[in-house]
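Values in this text are rule-based calculations from the coordinates and carry no lab data. Keep in mind that what you see is a predicted model, and the values were worked out from it rather than measured. A quick note on method: Cβ atoms are made from the backbone with ideal geometry, for glycine too, and the neighbour counts reach across all protein chains shown.
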Amino acid sequence: MTMEVLLRSPLDMHIHFRQDAMLDAVAPLSAQHFAGGVIMPNLVPPVDTVDRLLWYTSEVKRAVGNHRFQPYMTLFFRNYTREELVAAKPHIIGIKLYPAGATTNSENGVREIMSMKHVFAMMEELDIPLLVHGETHGFVMDREQEFCEVYRTLATTFPGLRITMEHITTEAAVLLLDEFENLRATVTPHHLIITLDDVAGGMLNPHLFCKPIAKRPEDRAALLAAALKPHPRLMMGSDSAPHPVDKKESAGCAAGVFTAPILLPLLAELFERNNALGSLQAFVSDNARRLYGVEPPSTTVHLVKEPMTIPERYGNVVPMWAGKTLSWSVRSVE
Ligand code: NCD
Ligand code: ZN
């Protein structure tokens, strides 16, 4: 008998949809499988005014078309006034903070995080979650672990502020989750599967290059153990980040791994191999619903253990593991 899994309203809590032609190409690839997702604001220029937020929301909804998909929008963190935060709150799930220059399109990010205490205090008071790209400007393999001190300071100084550590990649971040009730985290499927060896241990693989960079085997083991339980404050956020092929297969490769269309088969394969299929529902939906208090459209995704060969391209974007065959596939979405 074919193995199968039913998932209710899967959510992707960290997605890059971009804009214009790229948005039109990639939004349906998330919306065909997911009932909703958190849309990142690092456009050029960033989504950092209410006017731009409303424009981007309508662009995303147009690109999603008839799919039952709820976009959960974010603002790009800057020195907002209280009036701006009050006006934005009904339209967002949180505000995303990028340290300046940490990753793709983050040049307008924050230079001195602790100089923004007044904004964090207002977000705490208004109950607006803070989503964080947690990397310092240190040595690339140490950036996240070093940033854990900033998370610690934020979590203790603002105990009522809900803080999401986005796309965690280290054992240190997993351990931190247990220390503070107001910390939660997303983790990407690719960081549950690859290490730096897959990126640069043999021939360089630009399609696995992202920020934060994949780390050591013991980091991957800690992340995977937390996902398979799953940890009650850990959510699936793919960080699916499309770049045109010429920006990836080039000298000066852009950071970002494109996974949107393969996420659910990839996760089913991984969780089955670890005898944890029963944890998948909480990891891809229930934890996020509880932590953010969201009620996504009701959908049921039927996954079956039948092979899926990953296409070489989706338009001009090369997905993770292009050409490889996964043992699971999506049979239907109702
Ligand atoms: C993301 C992108 O391309 O927008 N890149 C990445 O490597 N993950 C930005 C980000 O989330 O860091
Ligand atoms: Zn991201």
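What dipole magnitude, in Debye to the nearest 20, does region 11-298 give about its Cα centre under +1 on Lys/Arg Cβ and -1 on Asp/Glu Cβ?
Values: 26 positive and 34 negative charges, 86 e Å.
That gives region 11-298 a dipole magnitude of about 420 debye.
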Using Cα springs under 10 Å in a Gaussian network model of the chain, which residue among A322, A288, A268 shows the largest mean-square fluctuation?
A322
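Provide the gained length on full extension for the span E334 to A200, in nm with one decimal, where the gain is 0.36 nm per separating residue minus the Cα-Cα distance.
Going from the current span to full extension adds 44.2 nm.
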Suppose R0 equals 35 Å. What FRET efficiency, 1/(1 + (r/R0)^6) with r the Cβ-Cβ distance, do T157 and R216 give to the nearest 0.05?
0.70
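How would you rank 242-250, 26-34, highest first, on the average number of other Cβ atoms within 10 Å across their residues? Write out the running numbers ahead of the final one.
Numbers: 242-250: 17.1, 26-34: 23.1.
In decreasing order of mean packing, 242-250, 26-34 become 26-34, 242-250.
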Non-local amide H neighbours of Q70 (under 5 Å, H modeled in plane, Pro and chain starts lacking H): which ones?
G36, G37
Can you list the lysines whose alpha carbon sits under 21 Å from that of K61, skipping same-chain ones fewer than 8 residues off?
K89, K96
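Based on the Cβ-Cβ distance from V86 to D20, what FRET efficiency comes out when R0 is 30 Å, to the nearest 0.05? Present the calculation step by step, with values, prior to reporting the outcome.
Details: r = 31 Å, r/R0 = 1.02.
Here the calculated transfer efficiency is 0.45.
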Treating cross-link reach as a plain straight distance, find the lysines whose alpha-carbon is under 21 Å from the alpha-carbon of K324, omitting any fewer than eight places away in the same chain.
K248, K305
Taking the simple approach of a point 7 Å from Cα along Cα-to-Cβ for both D51 and E249, what is their distance in nm?
4.2 nm
Checked against the positive end of the charge dipole of the chain (+1 on Cβ of Lys and Arg, -1 on Cβ of Asp and Glu, about the Cα centre), the farthest of L43, M203, I163 is L43
Highest to lowest packing among 228-238, 311-321, 163-173, scored as the average C-beta count within 10 Å
163-173, 228-238, 311-321
For region 234-282 and region 83-136, write down the distance between their C-alpha centroids in whole Å.
25 Å
Place a label point 7 angstrom from the Cα of K117 along the Cα-to-Cβ direction, then list the residues of region 123-166 whose backbone nitrogen is under 12 Å away.
154, 157-158
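If you count, for each residue, the other Cβ atoms within 10 Å and average over each peptide, how do 207-220, 189-202 line up from highest to lowest?
207-220, 189-202
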